[in-house]
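Novice: Take this structure, written in C-alpha cells, and hold onto it; I'll ask about it next.
All of the numbers you see were taken from the coordinates with simple rules; none came from a lab. Just so it is clear, the structure is predicted and the values come from calculations on it, not from any experiment. Glycine also receives a Cβ, built like all others from the backbone with ideal geometry; neighbour counts cover every protein chain displayed.
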Amino acid sequence: MAAYYPWIKAFHLVFVVTWFAALFYLPRLFVYHAMTEDGAGNARFKTMERKLYRGIMTPSAILAIGLGVALLAIQPVWLSQGWMHAKLTLVAALIGYHLWCGQLLRAFATDTNRRSHMWYRLFNEAPVVALIAIMILAVVKPF
Ligand code: HEM
C-alpha cells in the first residue's frame, strides 16, 4: 500500500483543487442569484447551483477527504503532529461551510432566500482564509 502513497497524494490534491473550485464558485453564484429579479435568471441560477453542488462539490469533498484518510491510514505518524490536528480542525470547519452552502442552496431553490448579495460577498471570503491556512499547515508543517 505504501508504494501507492504518492499516487494517493496526487489525487488527494486533484480533488482538493476541484472541491475548492466549487467552494469559491457556488457562493459567487449566490451573490449574482441574490441580485436577480427575473424568472428566467432565477431558474437558470437554480440549475447551475444544483449541478455544481451535487455534481462537483460534494463528490470532490468525499474523494478529497477519503483519500486524505487513506494517506493517514498508510502513514499514521502524521496524526501525532500538531499541524495535522490544526489541519483537521480547519477541514471540519470547511465541511460545516460546505453543508451550510447546501442549506443556502435549498433556500434559493424554494425561493425563500432573504440574504443580500453583500452578505454572500462576505460569506464568499471564508474559504479563501481556510485555503491559505490549510496550505501553510500541510506544506510548511510549522509545528
Ligand atoms: C479529512 C481531510 C483531510 C485529510 C485526512 C488529509 C490528510 C493528508 C495527509 C495524511 C497528507 C500527506 C502529508 C504528507 O505526506 O506530507 C496530506 C497532504 C496534503 N494535503 Fe490533505 N488532508 C485532508 C484535507 C485536505 C484539504 C482540505 C486540503 C487543502 C485545503 C489539503 C491539502 C493538502 C496538501 C497541500 C498536501 C500536500 C503536502 C505536501 O506533500 O507537502 N488536505 N493530506
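Novice: What net charge do the residues around Gly68 carry, taking every other residue with its C-beta under 12 Å from that of Gly68, with Lys and Arg at +1 and Asp and Glu at -1? Show your work: numbers first, answer last.
Specialist: Working: positive: Lys9, Lys87; negative: none.
For residues surrounding Gly68, the net value is +2.
Novice: In nm, what is the difference between 0.36 nm times the number of residues separating Trp7 and Gln75 and their Cα-Cα distance?
Specialist: Residue separation times 0.36 nm, minus the Cα-Cα distance, leaves 23.1 nm.
Novice: Each label point is 7 Å from the Cα along the Cα-to-Cβ direction; what then is the distance between the points at Ile132 and Trp119, in nm?
Specialist: 2.6 nm
Novice: Treating the angle as unsigned and between 0 and 90°, give the value, to the nearest 10°, between the Cα long axis of helix 82-109 and the longest Cα principal axis of the chain.
Specialist: Taking Cα atoms only, the helix is inclined about 20 degrees.
Novice: Can you give me the angle between helix 126-140 and the longest principal axis of the chain, using Cα atoms only, in degrees from 0 to 90, rounded to the nearest 10?
Specialist: Long axis of 126-140 versus the principal axis of the chain: about 10 degrees.
Novice: Hey, another quick one. Once the Cα atoms of helix 5-34 and of the chain are each reduced to a long axis, what angle between those two axes, in degrees from 0 to 90 to the nearest 10, is obtained?
Specialist: 20 degrees
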